[in-house]
Amino acid sequence: MIKTKNLKKVYTTEEVETTALSNVDLEVNEGEFVAIMGPSGCGKSTLLNIMGLLDNPTEGNYHFLGHEISTHSEKERAQLRKGNIGFIFQSFNLIDELTVFENVELPLLYLGVDSAERKEKAETALERMGMMHRRNHFPQQLSGGQQQRVAIARAVVANAKLILADEPTGNLDSDRGDEVMKLLAELNKAGTTIVMVTHSPHDAEYAHRVIHLFDGHVVPENMQEGFHV
């Protein structure tokens, strides 16, 4: 599903040039649950943004679902992203002015799905996350754990093949965090590929394998034993 080769990302300003990723080679197969770990500033979120077609590498290749992304226009990347990738963020990123139901149906609006199908799909996603009883509430009327459930419903409503989660339990207490991780594990068992950035060794235990980043590089597997962040 995902393959990178010699991936490099450099941020340049007038004063300084910063290398966020350097020669990153990795693969994620369809149906995997992969955790990406590493210290703050090591390039985890940058890598996730490139995987999610929100940012472009400075050098190297990124293949997603058989597409070499460097040859795609911004419009083509957006279309590929909308139909295949769902995002879950630490800060939930729900729209305060929209109800729970309206937040969840938003990706379907972007895809041009008609109102009857939007209603059916959004309600199915909310039922799946146990949030139908809150469909007419606004995000600020929900707990953090409930907001993250809504965010997951929004991520899966269009049947995304890939879920990218950036510290999905970072703003939750341990009990609510465990609930969210169990939901992600259930989605993965149902066939959704998940790539998750996390600082939490506990959360990483839900993944099939862990990719460690350090200073913009992937730590080789033979050096990962005992590697701590």
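The values are calculated or read from the model by the stated rules, or taken from the named source; none is laboratory data. It should be emphasised that the depicted structure is a prediction, and the values quoted were computed from it without experimental measurement. Cβ: placed from backbone, ideal geometry, glycine included. Neighbour counts: every protein chain shown. Just the protein is used for accessible areas: all its heavy atoms, side chains included, with ligands, DNA and RNA removed. Shrake-Rupley method; radii C 1.70, N 1.55, O 1.52, S 1.80 Å.
The residue pairs whose first member lies in region 68-90 and is closer than 13 Å to residue 111 by Cα and surrounded by 13 or more Cβ atoms within 10 Å (Cβ to Cβ), whose second member is hydroxyl-bearing (Ser, Thr, Tyr) and modelled with pLDDT under 95, and whose beta carbons are closer than 7 Å, counting only pairs six or more residues apart or on different chains, are 82/110. Counting only residues that are crowded, with 16+ Cβ neighbours inside 10 Å, of a type outside the set (Gly, Ala, Ser) and within 16 Å of residue 157 (Cα to Cα), region 109-144 holds 10 of them. Looking across region 2-38, the residues that are open to solvent by 90 Å² or more (accessible area, probe 1.4 Å) and either within 18 Å of residue 216 (Cβ to Cβ) or modelled with pLDDT under 95 (or both) come down to 5, 11, 12, 14, 15, 17, 23.
Screening residue 165 with (1) open to solvent by less than 20 Å² (accessible area, probe 1.4 Å); (2) on the phi > 0 side of the Ramachandran plot gives one miss only, at (2). Here residue 198 does not qualify as out of contact with any helix residue (DSSP H, G or I) (no Cβ under 9 Å at 6 or more places or on another chain), open to solvent by less than 10 Å² (accessible area, probe 1.4 Å) and closer than 20 Å to residue 85 by Cα.
Checking the conditions here, which among 65, 80, 106, 54 is closer than 16 Å to residue 155 by Cα and in contact with a helix residue (DSSP H, G or I) (Cβ under 7 Å, 6 or more places away or on another chain)? Spell out the reasoning first.
On the way: 65 fails: closer than 16 Å to residue 155 by Cα; 80 fails: in contact with a helix residue (DSSP H, G or I) (Cβ under 7 Å, 6 or more places away or on another chain); 54 fails: in contact with a helix residue (DSSP H, G or I) (Cβ under 7 Å, 6 or more places away or on another chain).
Only one candidate qualifies: 106.
Residue under question is residue 159, and the condition is that it be touching a residue at least 40 places away in the same chain (Cβ under 8 Å), in a loop (DSSP other than H, G, I, E, B) and on the phi > 0 side of the Ramachandran plot; does it hold? It would help to see each step written out before you state the result.
On the way: touching a residue at least 40 places away in the same chain (Cβ under 8 Å): no; in a loop (DSSP other than H, G, I, E, B): yes; on the phi > 0 side of the Ramachandran plot: yes.
The answer is no for residue 159.
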